[in-house]
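What follows is calculated from the coordinates using simple rules that are stated; it is not laboratory data. Keep in mind that this is a model prediction, so the values were computed, not measured. Using ideal geometry, Cβ is built from the backbone for each residue, glycine included, and neighbour counts are taken over all protein chains shown.
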Amino acid sequence: MIVQLSMAFIGLTKAFDLVAHPVLLNKLNSYGICDKAYEWFVSYLSGRSLQVKVGNSISDPKPLSGSVPQGSILSSTLFIMYLNGANQCMQKRRLICYAGDIVLYISSKCESIWDFLQTDLNALNSYLLDIGSKINTIKTKLLTFREQYQNKKDFQVKMNSETLEKVTCFKYLGIWIDSDLDFKSHLSKVCKKLSSKIRLLSRQKKYFSHNCFKMFADSLISSVSHYCLIIWGHLSNTDISKLDNLYYSVVKNIFPYLREKSKNDYKTCIEKLNWMTVSEYRDLFSLQFLFKNLRCIEITKNMYKDKFVQKLSTRETRSECDYTIPSYRSTLSRKSFSYTATKLCNSLPLDKKMRPSTSCSPHQ
């Protein structure tokens, strides 16, 4: 039996602007927000107006009976609470919401996956219409993983009589997700962005001191290359070398004095900047994320108790602190965080595993 995974990236029409205040307040009340706290939210949402300015002319204020104020730290939280309950109306109940980014995903047999997806999309659309929101069929895209395994019959998923577009790559929360899950599209975007930032820094190097440029390089380069690295960073050695070469170009073009001696190799040069290789950063971030979830916050630990179960051993060996590695067979599954991070954790010396803090120097 071949199991297929498909995702629908849902785009909403004016997502935050169409939030109905009565619906949101009723939900807040059902969540236990009452008395003074409820009155505060009523005050927070009410009494707002909208004006439009063109040149020196400004319109009369128009009262707003809906919408969530954008730019506030509460905006995304209130919007998620407004949408909460949507998964209850769907058959498979596989819905991910992060602010206005909504994803519906279905895992099923190839021949039935499109029927399930169509059914749940219809249910989600009906729920959103009931609370005053609306799905934008132009923004909504479909992505099927490992598409070579699916039936050759051309299935169509429709919404409001319009056929939804199928794509092979989609940008979600800053990561380009492709149908093969090899993240080569994301790597290409990252390399292109890093190259432009390196050229920018190289043109300005004569105007700043070493410490200033080190700070600029850390902020501009690391912010791009490190973002969600534990998700997409398990690439082939050839692909990883592309990022490492860009790191070295920073040394070569911006800090040339670090490579004055010809024997200075790439790793030695970046160590002088207190940097690491891309694969070392990936492993460090994976271990930090794993340790934080398992040891620092008990509530979060429970989320992963089925993935990382501590083995019981009667012997006084390092395996007493080992975690169960998931039994994945495919190469793709063995690139997942649950597999790679657990295996990496088990390979650490005992004193590293038992450290009370996840903080450490880059090369420690």
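Near the amide H of Ala20, under 5 Å away, which other amide H atoms are found, from residues 5 or more places off or on another chain, if H is placed in the peptide plane?
Excluding prolines and chain starts, which carry no amide H, the hits are Ser67.
Pull up all non-local amide H partners of Phe183: gap of 5 or more, or a different chain, and H-to-H distance under 5 Å with H placed in the peptide plane.
The answer is Asp178.
Starting from the Cα-Cα distance between Cys34 and Tyr207, subtract it from 0.36 nm times their residue separation and give me the gain in nm to one decimal.
Numbers: separation 173, 0.36 × 173 = 62.28 nm, distance 5.77 nm.
Gain in length upon complete extension: 56.5 nm.
Extending each Cα 7 Å along its Cβ direction at Ser222 and Ser241, get the distance between those two points in nm, one decimal.
In this crude spin-label approximation the distance works out to 2.7 nm.
So, by mean Cβ neighbours within 10 angstrom, what's the order for 130-140, 280-290, 209-219, 44-54 with the highest one leading?
Working: 130-140: 15.9, 280-290: 18.7, 209-219: 13.4, 44-54: 11.4.
The peptides rank, most packed first, as 280-290, 130-140, 209-219, 44-54.
Would you kindly derive the ³J(HN,Hα) couplings of the range 60-66 from the backbone phi angles with the Karplus curve 6.51 cos²θ - 1.76 cosθ + 1.60 (θ = phi - 60°), listing them in order in whole Hz, with x for Gly and Pro?
Values per residue, Gly and Pro as x: 6, x, 10, x, 9, 9, x Hz.
Can you give the extra length, in nm with one decimal, that the chain gains between Val42 and Leu64 once fully stretched, where that is 0.36 nm per residue apart less the Cα-Cα distance? Spell out each step's value before the answer.
Details: separation 22, 0.36 × 22 = 7.92 nm, distance 1.32 nm.
So the chain would gain 6.6 nm between Val42 and Leu64.
Full-extension gain between Ile96 and Ser126, please, as 0.36 nm times their residue separation minus the C-alpha to C-alpha distance.
Values: separation 30, 0.36 × 30 = 10.80 nm, distance 1.75 nm.
Here the answer is 9.1 nm.
Just to be sure I understand the model, the point goes 7 Å from the Cα along the line to the Cβ. What's the resulting Lys166 to Asn56 distance in nm?
5.9
Give, as a single signed number, the net charge of other residues whose beta carbon lies under 14 Å from the beta carbon of Phe41, with Lys and Arg counted +1 and Asp and Glu -1. All intermediate terms of the calculation are to be shown ahead of the outcome.
Details: positive: Lys27, Lys36, Arg48; negative: Asp35, Glu39.
Net local charge, Phe41 excluded: +1.
Using only the Cα atoms of the range 47-112, what are the Rg and Dmax in Å?
Using the Cα atoms of the range 47-112, the pair Rg, Dmax is 18.8, 61 Å.
Of Lys197/Lys242; Lys206/Lys252; Lys189/Lys252; Lys214/Lys267; Lys14/Lys134; Lys109/Lys134, which sit over 19 Å apart, Cα to Cα?
On the way: Lys197/Lys242 15 Å; Lys206/Lys252 14 Å; Lys189/Lys252 22 Å; Lys214/Lys267 17 Å; Lys14/Lys134 8 Å; Lys109/Lys134 29 Å.
From Lys197/Lys242; Lys206/Lys252; Lys189/Lys252; Lys214/Lys267; Lys14/Lys134; Lys109/Lys134, over 19 Å: Lys189/Lys252; Lys109/Lys134.
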